[in-house]
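The values are calculated or read from the model by the stated rules, or taken from the named source; none is laboratory data. From a predicted model like this one, the values you see are computed outputs, not experimental measurements. Every residue, glycine as well, gets a Cβ built from its backbone with ideal geometry; the counts of neighbours run over all protein chains shown.
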Amino acid sequence: MAKLEIKKYPGRVLRKKAKEVEKFDEEIKKISAEMAETLKENGGAGLAAPQVGVSKRIIAVLVDENKIEIFINPKITKKSREKKTAEEGCLSFPGIFLKIKRPSKVVIQAIDLERRMLEVEVEGILSRVFQHEIDHLNGILFIDRAGFWQRWKARKKIAGRA
Ligand code: CO
C-alpha cells in the first residue's frame, strides 16, 4: 500500500476548510487505508486528510497502542469547561513541540467506514488528539492555539531551518 507524503507547514492545503464526505465509495476506503498506513509508519498519534493533500473530513487516530481507527465527518458536540495544558507535536511540523491548552474532555460524533454513526466521550491524550485533528479539518493548526512565546519560538525554529 502506498505511503502518502505528509504536507509540511506552510503548505496551502493545511489552511483549507475540508469538505464533508458524502459518498462512501472505494476512493474513501482507499484514502482511509493509506492514511492509517502513513500514520503507522510515521509513528504519530493522529493524521488528518489535509495533511496528505486531501481536503476531505477524514481523520485517522491511534485509539490504542496498536490500533488506528478512521473517523469520517467528525465533530465535537460537547466540550468540558475544564481545560488542560500539555505538549503536542504535529507531523506537519517535524521537531516542533508546543504547550497547548484545550478542553480536557470532549464528546465526538463521527461516522465509521461501515457508515455507522458513533458517539464517544474522550479524555486525556485521546481528547487532545481528536481536537487537534478536527482543527486540521477546519484549517486550524496547533500554532494558532499556542501562546505568544510558544508561537514565537516555533516561528524562529521553522525560519532557522529554511
Ligand atoms: Co497535526
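Selection of region 88-124 for residues being within 16 Å of the ligand (Cβ to nearest atom), closer than 16 Å to Lys78 by Cβ and among the aliphatic types (A, V, I, L, M) yields an empty set. Residues that are more than 16 Å from the ligand (Cβ to nearest atom) and not acidic (Asp, Glu): does region 126-136 have at least one? No, region 126-136 contains no residue that is more than 16 Å from the ligand (Cβ to nearest atom) and not acidic (Asp, Glu). Of the helices (runs of 4 or more DSSP H) entirely within region 92-162, those holding at least 2 residues that are among the hydrophobic types (A, V, I, L, M, F, W, C) and free of Cβ contacts under 8 Å to residues at least 24 places away in the same chain occupy 148-161.
The set of residues from region 121-142 being surrounded by fewer than 15 Cβ atoms within 10 Å (Cβ to Cβ) and in contact with a strand residue (DSSP E or B) (Cβ under 6 Å, 6 or more places away or on another chain) comprises Glu121, Glu123. Only a single criterion out of (1) within 16 Å of the ligand (Cβ to nearest atom); (2) surrounded by 15 or more Cβ atoms within 10 Å (Cβ to Cβ) is not satisfied by Asn73, namely (1). Filtering region 9-28 to residues that are in a loop (DSSP other than H, G, I, E, B) and under 23 Å from Lys75 (Cα atoms) leaves Lys16, Lys17, Ala18, Glu20, Val21, Glu22, Lys23, Phe24, Asp25.
Please determine, by comparing only the residues of region 76-85 that are more than 21 Å from Ile58 (Cα to Cα) and surrounded by 14 or more Cβ atoms within 10 Å (Cβ to Cβ), which one is nearest to the ligand (Cβ to nearest atom). Among those that are more than 21 Å from Ile58 (Cα to Cα) and surrounded by 14 or more Cβ atoms within 10 Å (Cβ to Cβ), it is Lys84.
Out of curiosity, is Val106 surrounded by 21 or more Cβ atoms within 10 Å (Cβ to Cβ), of a type in the set (A, V, I, L, M, F, W, C) and touching a Gly at 6+ places or on another chain (Cβ under 7 Å)? Here the answer is no, as Val106 does not meet what is asked. Only one of the listed residues (Ile6, Ile31) is outside any helix (DSSP H, G or I) and either surrounded by fewer than 20 Cβ atoms within 10 Å (Cβ to Cβ) or hydrophobic (A, V, I, L, M, F, W, C) (or both). That residue is Ile6. Among the residues of region 38-53, those identified as over 12 Å from Val129 (Cβ atoms), buried (at least 20 other Cβ atoms within 10 Å of the Cβ) and more than 10 Å from the ligand (Cβ to nearest atom) are Thr38, Ala49, Val52.
Residue check: Glu65 meets all listed conditions (1) modelled with pLDDT of 95 or more; (2) out of contact with any strand residue (DSSP E or B) (no Cβ under 9 Å at 6 or more places or on another chain) but one, namely (1).
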